[in-house]
Amino acid sequence: MAIERTLSMIKPDAVAAGNAGNILQHFEDNGLRIVACKKTRLSLAQAQAFYAVHAARPFYNDLVTFMTEGPIFAQVLEGENAVAHHRSIMGATNPAQADEGTIRKLYASNIERNACHGSDSVENAAGEIAFFFSGAELLG
Ligand code: ATP
Ligand code: MG
């Protein structure tokens, strides 16, 4: 299997609840190496741009408001099949449908306040990594 990198975010709900450390540990326990990590707060413009693909969806305005309500953690994770592996350990978008032991089952409140984000393709991962990090910040 290929070694990939993916962009992961711990969303404001999980940071505010004090679960960032547990979630980072969950990544490492599941074979994903943290090659970059920062705590930051998205501006409205940044949140709108990051989720621009959803701009036409009815939940878009609520989503960007949620994503700017407090700090997030952004990290680049590396490992075998990292994009799909990371999404599998996050669990389903709606925590009510997430498998036991997944991050969203453990820490998410509902389909919007769902604790974490993960890139959905290698191509999108590259763009999302560049959104947060310069090449020099990726300490493989
Ligand atoms: P993410 O992109 O954040 O990793 P995802 O790929 O599982 O999540 P998407 O369909 O890309 O899900 O939706 C992006 C985010 O928008 C979701 O994680 C969630 O926070 C929010 N969202 C998605 N669907 C809904 C909905 N029906 N109602 C409210 N919020 C939603
Ligand atoms: Mg998505």
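The values are calculated or read from the model by the stated rules, or taken from the named source; none is laboratory data. Computed from a predicted structure; not experimentally measured. With ideal geometry, Cβ positions are generated from the backbone for all residues, glycine too; neighbour counts draw on all protein chains shown. Surface accessibility is based on the protein's heavy atoms, side chains included, excluding ligands, DNA and RNA. Shrake-Rupley method; radii C 1.70, N 1.55, O 1.52, S 1.80 Å.
Looking only at residues in the stretch 21-39 that are surrounded by fewer than 17 Cβ atoms within 10 Å (Cβ to Cβ) and over 21 Å from F131 (Cα atoms), the one that is nearest to ligand 2 (Cβ to nearest atom) is N30. Residue count for the stretch 88-129 under the criterion of being open to solvent by less than 70 Å² (accessible area, probe 1.4 Å) and either among the hydrophobic types (A, V, I, L, M, F, W, C) or over 14 Å from the mean Cα position of the chain (by Cα) (or both): the result is 15. Considering the stretch 88-119, and only residues there that are near ligand 1 (Cβ under 8 Å from one of its atoms) and aliphatic (A, V, I, L, M), the residue that is farthest from G18 (Cα to Cα) turns out to be A92. Could you list, in sequence order, all residues of the stretch 40-87 that are more than 14 Å from ligand 1 (Cβ to nearest atom), among the acidic types (D, E) and either open to solvent by 50 Å² or more (accessible area, probe 1.4 Å) or under 14 Å from F132 (Cα atoms) (or both)? Residue satisfying the conditions is E80 alone. Applying the condition of being part of a loop (DSSP other than H, G, I, E, B) and aliphatic (A, V, I, L, M) to the stretch 1-24 and asking which residue is nearest to I72 (Cα to Cα) yields A17. Among helices (runs of 4 or more DSSP H) entirely within the stretch 25-140, having at least 2 residues that are hydroxyl-bearing (S, T, Y) singles out 60-67.
Among the numbered conditions (1) out of contact with any Gly (no Cβ under 7 Å at 6 or more places or on another chain); (2) within 13 Å of ligand 1 (Cβ to nearest atom); (3) more than 12 Å from I10 (Cβ to Cβ); (4) in contact (Cβ under 8 Å) with a residue 24 or more places away in the chain, the only one that V122 does not meet is (2).
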